[in-house]
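The values are calculated or read from the model by the stated rules, or taken from the named source; none is laboratory data. None of these values were measured; they are calculated from a predicted model. So basically every Cβ, Gly included, is an ideal-geometry build from the backbone, and we count neighbours across all protein chains shown.
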Amino acid sequence: MPSYIDTKYVNLISLRLPMFKRKNDGLYNFRCPFCGDSKKSKTKARGYFYQKRTDLFFRCHNCGQSNTFSNFLKQFDGELYKEYALDRYKEGVTGIGSNTPNPVFNYEKPKFHTKIDLPKISELEDEHFAKKYLINRAIPPQFLSYLYYTEDFKTFVKTMTKKDYDLNENEQRIIIPFYDENKNLITFQGRAFTNTLLRYITIKMDEDSSKIFGLDRLNLEEQFYVVEGPFDSFFLPNCIAMAGSDIKFKSYKEIDDAMNDGKGTMVFDNEPRNKEIITRMEKVIDKGWNICIWPSTIKNKDLNDMYLSGISDLSEIINKNTYKSLLAKTHLVEWRKK
């Protein structure tokens with residue numbers, strides 16, 4: 001169970017969180033107070049508090065905002081947060097002024113495997129549900145050998161890193177490997193087959209590892225695209241995915257420079273009501289980068305769904321609807337009215 005202090009303050013704010021409900025010990029669901037969740041549907045609730053060890057964390061599956069309960073409360077109600085911080089201090093939950101001994105940090109670099117010892121999706125029987133799932137998603141055949149399948153994600157993670165993760169037992173997932181430009185494994189994601197609370201779980205091989213997918217296939221000498229998710233990157237040539245990483249590309253100056261030179265195009269999901277996406281798009285435009293603003297004829301949310309709906313000329317549509325600077329701002333205003 002979460003600490004009684006976290007539970008106390010969840011109960012205090014519960015009446016102010018629309019559609020709040022307690023699912024079970026350590027799991028609460030409500031409409032996200034930051035993005036509003038959905039303007040079209042008043043019944044969608046995609047904000048969650050969930051337990052990890054004895055602490056609570058917040059995540060919204062609409063806008064993608066993710067934080068500790070402490071930081072959520074600081075944003076939600078600054079005055080109540082001060083009381084919460086004081087309560088934690090009194091109970092010695094924080095390390096400030098308590099008798100808890102100072103932690104000893106071990107700075108030795110973790111040891112991990114760089115080879116994935118799992119069956120590739122392409123190696124599975126045609127009737128295997130994992131292979132059928134990806135084929136039904138129209139993932140191009142050449143990428144089926146790029147993805148892997150695990151019967152037990154938790155056990156697989158243990159073979160890859162010594163860091164301890166709080167994961168479910170015997171959970172089947174697709175493994176999406178992230179390689180750097182030298183084809184070294186730097187990160188991987190476990191993608192669930194169902195719409196579970198944690199649809200994607202990202203494991204970095206090192207704290208400094210990037211979460212940019214497709215670096216091993218990127219050619220900065222040619223036109224390239226930057227999308228949100230790894231699966232979407234399979235539907236465009238010379239494409240990488242941010243997978244939740246910073247759009248500043250601060251770890252890869254070469255990509256940043258290429259974007260400044262106009263060689264790359266940012267392609268966000270087609271969600272004009274998503275405040276988080278709007279904010280990120282505005283930042284891209286302020287940088288002077290190329291950005292795709294989807295035309296009103298496109299109704300699907302992401303590239304994979306667009307392809308499934310019969311739209312095969314995605315790169316052509318993107319190129320025709322790529323803008324920058326003032327023109328991009330004008331089209332963004334129109335797009336938000338969709």
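Observations, loosely collected:
- The one condition in (1) under 19 Å from the mean Cα position of the chain (by Cα); (2) surrounded by fewer than 17 Cβ atoms within 10 Å (Cβ to Cβ); (3) in contact (Cβ under 8 Å) with a residue 60 or more places away in the chain that Leu308 fails to fulfil: (1)
- Set Asp302, Asp232, Asp206, Asp269: member being of a type outside the set (A, V, I, L, M, F, W, C), in contact with a strand residue (DSSP E or B) (Cβ under 9 Å, 6 or more places away or on another chain), more than 24 Å from Cys63 (Cβ to Cβ) and touching a residue at least 12 places away in the same chain (Cβ under 8 Å): Asp206
- Residue count, segment 178-203 (criterion: surrounded by fewer than 18 Cβ atoms within 10 Å (Cβ to Cβ) and not polar (S, T, N, Q)): 9
- Scanning segment 111-130 for residues that are within 23 Å of the chain's Cα centre (by Cα) and assigned to a helix (DSSP H, G or I) gives Ile121, Ala130.
- Condition check for Asn168: part of a loop (DSSP other than H, G, I, E, B), of a type outside the set (A, V, I, L, M) and touching a residue at least 12 places away in the same chain (Cβ under 8 Å): yes
Yes/no per residue for (1) assigned by TED's automatic domain parsing to the domain that holds Ile175; (2) among the hydroxyl-bearing types (Ser, Thr, Tyr); (3) farther than 25 Å from Lys301 by Cβ:
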{"residue": "Gln189", "(1), (2), (3)": "yes, no, no"}
{"residue": "Phe193", "(1), (2), (3)": "yes, no, no"}
{"residue": "Tyr200", "(1), (2), (3)": "yes, yes, no"}
{"residue": "Met205", "(1), (2), (3)": "yes, no, yes"}
{"residue": "Arg217", "(1), (2), (3)": "no, no, no"}
{"residue": "Leu220", "(1), (2), (3)": "no, no, yes"}
{"residue": "Gln223", "(1), (2), (3)": "no, no, no"}
{"residue": "Val226", "(1), (2), (3)": "no, no, no"}
{"residue": "Gly229", "(1), (2), (3)": "no, no, no"}
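- Considering segment 8-38, the residues that are touching a strand residue (DSSP E or B) at 6+ places or on another chain (Cβ under 7 Å) and of a type in the set (Lys, Arg) include one that is nearest to Phe58 (Cα to Cα), namely Arg31.
- Any hit, segment 8-17, residues being surrounded by fewer than 14 Cβ atoms within 10 Å (Cβ to Cβ), of a type in the set (Lys, Arg) and touching a Lys or Arg at 6+ places or on another chain (Cβ under 9 Å): no
- Taken across segment 6-14, residues that are modelled with pLDDT of 90 or more and out of contact with any helix residue (DSSP H, G or I) (no Cβ under 8 Å at 6 or more places or on another chain) do occur, with at least one present.
- Every pair of residues 6+ apart whose Cβ atoms lie under 6 Å, when the first sits in segment 1-24 and is assigned to a strand (DSSP E or B) while the second is at pLDDT 90 or above and surrounded by 13 or more Cβ atoms within 10 Å (Cβ to Cβ): Lys21/Asn29; Arg22/Tyr28; Lys23/Asn29
- Selection of segment 245-284 for residues being surrounded by 15 or more Cβ atoms within 10 Å (Cβ to Cβ) and on the phi > 0 side of the Ramachandran plot yields only Phe249.
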